[in-house]
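K.L.:
This is the structure, below, for whatever I ask next.
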Amino acid sequence: MNADLERLIALQKLDSTADAARRKMAAEPEHELALDARLEAKRQQVAAAREQVAANKNARAALDKDVALHQGRLSKFREQGMAVKTNQEYHAIQHEIAFAQTEIKKIEDTTLEKMMEADDQAAALKTAEAQLAAETKAVEAERRTGSAAHIEMQATLERIAGERAVVVAGLNKDVLATFERVSVKRNGVAVSEARAGVCTICHVRLRPQVFNNVLRNDSILQCDHCNRILYYVPVPASAATAPIDPPPHPAS
Ligand SMILES: [Zn+2]
């Protein structure tokens, strides 16, 4: 194989690996925000559950106060009942007593409901806290994995920079210029394998004469359509005798 072509293939491999690492690193802040959001959602669930527990507690305290109030009135009426002089007074007091008793009964029923609610709310709070703990653990694990991957990608980028400099140093300047030009225009991919008469990246059929030249791998040839530099991977000897699938026929 042409030595420059071989270097270009190596260069492309390095560039593609570096690109992938850079893309992953660029996505890190967004991933970090997503992790924060996951934690925040669980924290809010816990806060909401705590608020419900607190509201229930306050409501029960208020009910207790009301009961005490009515009980106070009840004993006052009972005392007054001892001292009534007329039938009318007696009935009026009895009426007040009955009213206070009804109120107390109503409040006690509500208190009972609130106590049952409190049991459910305490269980919900426990569940929310357990979920927050589990999510915190999961997010911490993801962050550790992320930092390890970050360190690894940085090391990869440094290694690639070194290897790239060596490859570039050996390359013909014009060939390198062509590579860089195509790379910039084609989203960082300047080299393409030609297979069965087709450029495997843009999928356009090569002129037979071009493909025949590419088969030899002895010169720098570009795809007429995407301008990428073409190379050919010979079919392994064991597969050479097997029938090759007929090349697809593009519409154009
Ligand atoms: Zn092409």
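The values are calculated or read from the model by the stated rules, or taken from the named source; none is laboratory data. Just so it is clear, the model here is predicted, and its values are computed rather than measured. Note: ideal-geometry Cβ built from the backbone for every residue, glycine included; neighbour counts use all protein chains shown. All accessible areas refer to the heavy atoms of the entire protein, side chains included, with ligands and DNA or RNA removed. Shrake-Rupley method; radii C 1.70, N 1.55, O 1.52, S 1.80 Å.
K.L.:
Tell me, what HN-Hα J-couplings in whole Hz come from the Karplus equation 6.51 cos²θ - 1.76 cosθ + 1.60 at θ = phi - 60° for each residue of the range 62-68, using x for Gly and Pro?
P.N.:
Karplus-based 3J(HN,Hα) across the range 62-68 equals 5, 5, 4, 4, 4, 4, 4 Hz.
K.L.:
How much accessible area per residue does the range 3-170 have, counting only protein heavy atoms and a probe of 1.4 Å, in square angstrom?
P.N.:
For the range 3-170, the solvent-accessible area averages 67 Å² per residue.
K.L.:
Could you tell me how many degrees, from 0 to 90 and to the nearest 10, lie between the Cα long axis of helix 3-26 and the main elongation axis, the longest principal axis, of the Cα atoms of the chain?
P.N.:
Value to nearest ten degrees: 10.
K.L.:
Something else about it: Highest GNM mean-square fluctuation, the chain, Cα pairs closer than 10 Å: which of ASN87, ASN227, ASN213?
P.N.:
Of the options given, ASN87 has the highest mean-square fluctuation.
K.L.:
On to the next question. What shape does the range 77-138 have by the C-alpha gyration tensor, where a ≥ b ≥ c are the square roots of the eigenvalues, rounded means a/c under 1.5, and otherwise prolate means a/b greater than b/c and oblate the rest?
P.N.:
prolate
K.L.:
For the range 77-87, take each phi angle, set θ = phi - 60°, evaluate the Karplus expression 6.51 cos²θ - 1.76 cosθ + 1.60, and give the result in whole Hz per residue in order, putting x for glycine and proline.
P.N.:
Karplus-based 3J(HN,Hα) across the range 77-87 equals 5, 5, 4, 4, x, 5, 9, 5, 10, 10, 4 Hz.
K.L.:
Sticking with this one: Summing Lys, Arg as +1 and Asp, Glu as -1, what charge do residues with Cβ under 10 Å from the Cβ of ASN227 carry, ASN227 excluded?
P.N.:
Result for the neighbourhood of ASN227: +3.
K.L.:
Further question on the same structure: Roughly how many Å² is the accessible area per residue of the range 174-240, as a whole number, for a 1.4 Å probe?
P.N.:
Accessible surface, normalised per residue, equals 55 Å².
K.L.:
Ok, one more. Over the Cα atoms of the chain, each weighted equally, I'd like the Debye log10 I(q)/I(0) at q = 0.08, 0.11, 0.14 Å⁻¹, rounded to two decimals.
P.N.:
Summing over Cα pairs of the chain leads to -0.62, -0.84, -1.01.
K.L.:
Using each residue's phi in the range 188-196, evaluate 6.51 cos²θ - 1.76 cosθ + 1.60 at θ = phi - 60° and report the 3J(HN,Hα) Karplus result to the nearest Hz, with x for Gly and Pro.
P.N.:
x, 10, 10, 10, 9, 6, 9, 9, 6
K.L.:
Report the equivalent ellipsoid semi-axes for the range 174-240 in whole Å, largest first, defined as the square roots of five times the eigenvalues of the gyration tensor built from alpha carbon atoms.
P.N.:
Square roots of five times the eigenvalues give 21, 12, 11 Å.
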